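A.B. asks: The structure under discussion is supplied below as C-alpha cells; questions concerning it will follow.
The values are calculated or read from the model by the stated rules, or taken from the named source; none is laboratory data. Worth saying up front: this structure is predicted, and the values here are computed from it rather than measured. A quick note on method: Cβ atoms are made from the backbone with ideal geometry, for glycine too, and the neighbour counts reach across all protein chains shown.
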Amino acid sequence: MTLPWQDPEDIRSMLAAQVWAVVGLSGDPSRTAYAVSAALLSRGKRIVPVHPSAPTVLGQQGYATLADVPFEVDVVDVFRRSSAAGGFADQAVSIGARGVWFQLGVLDRAAYDRTVAAGVPMVMDTCPLIEWPAHGPR
C-alpha cells in the first residue's frame, strides 16, 4: 500500500524538477543535506541553499529564507526536524513552489494536509536518492 505522501507520480514529477531549494543546507560536508545536494547537482539540478547564515554551498549562492530567493523554485526540500518542518511547507506554498519534499524521518500530517489542500504536491519520509532508481529520470 502506498502512503498518500509517497505517491509515485508526485515523486517522479519532483525528481524531474530542475530547481531545488534545500532548507537546512550548510557547508558541512558531513551532513546529509550536503550529500543529497551534491547528488542533485551531479544529476543536473540547480540547488539553492536556504539557511539562516545564507552560506554559499557547492558553489551555489545561499539565502537566509525561502522568501529571499529571487527566482522560481520547483521543489522545497526540507532537512529539519518534524516539529519545525511544517512552517517551511507553508512558506513553500507562499512562494509558489511546485512541490514540497520532507526528508527521510520527517513527517507532519497537518503540514501535508495544508500543502495538498493548497494544490501543491508533497512527499514525506523519504529521500530523493532512495527514490531515484525507481522514479528518477533516466
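A.B. asks: Could you run through the stretch 1-29 and say how many residues are assigned to a loop (DSSP other than H, G, I, E, B) and in contact with a strand residue (DSSP E or B) (Cβ under 8 Å, 6 or more places away or on another chain)?
C.D. replies: Of the residues in the stretch 1-29, 7 are assigned to a loop (DSSP other than H, G, I, E, B) and in contact with a strand residue (DSSP E or B) (Cβ under 8 Å, 6 or more places away or on another chain).
A.B. asks: Contact list please: Cβ distance under 6 Å, first residue in the stretch 13-34 and over 13 Å from residue 79 (Cα atoms) and among the small types (Gly, Ala, Ser), second residue in a loop (DSSP other than H, G, I, E, B) and at pLDDT below 95, pairs at least six apart or on different chains.
C.D. replies: 16/137; 27/55
A.B. asks: Against the condition out of contact with any strand residue (DSSP E or B) (no Cβ under 6 Å at 6 or more places or on another chain) and among the acidic types (Asp, Glu), how does residue 77 come out, does it pass?
C.D. replies: No: the conditions fail for residue 77.
A.B. asks: Filter the stretch 32-68 down to residues that are charged (D, E, K, R) and outside any helix (DSSP H, G or I) and give me whichever is surrounded by the most Cβ atoms within 10 Å (Cβ to Cβ).
C.D. replies: Ranking the qualifying residues of the stretch 32-68, first place goes to 45.
A.B. asks: Just the residues that are farther than 11 Å from residue 15 by Cβ and either assigned to a loop (DSSP other than H, G, I, E, B) or touching a Gly at 6+ places or on another chain (Cβ under 9 Å) (or both), please, taken from the stretch 116-125.
C.D. replies: 118, 119, 120, 121, 122, 124, 125
A.B. asks: From 64, 84, 54, 89, which residue is under 24 Å from residue 130 (Cα atoms) and in contact with a strand residue (DSSP E or B) (Cβ under 8 Å, 6 or more places away or on another chain)?
C.D. replies: 89
A.B. asks: Sticking with this one: For residue 110, all conditions in the list (1) assigned to a strand (DSSP E or B); (2) free of Cβ contacts under 8 Å to residues at least 40 places away in the same chain hold save one; what is the number of the exception?
C.D. replies: Unmet for residue 110, out of (1) assigned to a strand (DSSP E or B); (2) free of Cβ contacts under 8 Å to residues at least 40 places away in the same chain: (1).
A.B. asks: For the stretch 1-19, enumerate the residues that are more than 17 Å from residue 125 (Cα to Cα) and either of a type outside the set (Val, Ile, Thr) or exposed (fewer than 13 other Cβ atoms within 10 Å of the Cβ) (or both).
C.D. replies: If the condition is that a residue be more than 17 Å from residue 125 (Cα to Cα) and either of a type outside the set (Val, Ile, Thr) or exposed (fewer than 13 other Cβ atoms within 10 Å of the Cβ) (or both), then 16, 17, 18 are the ones that fit.
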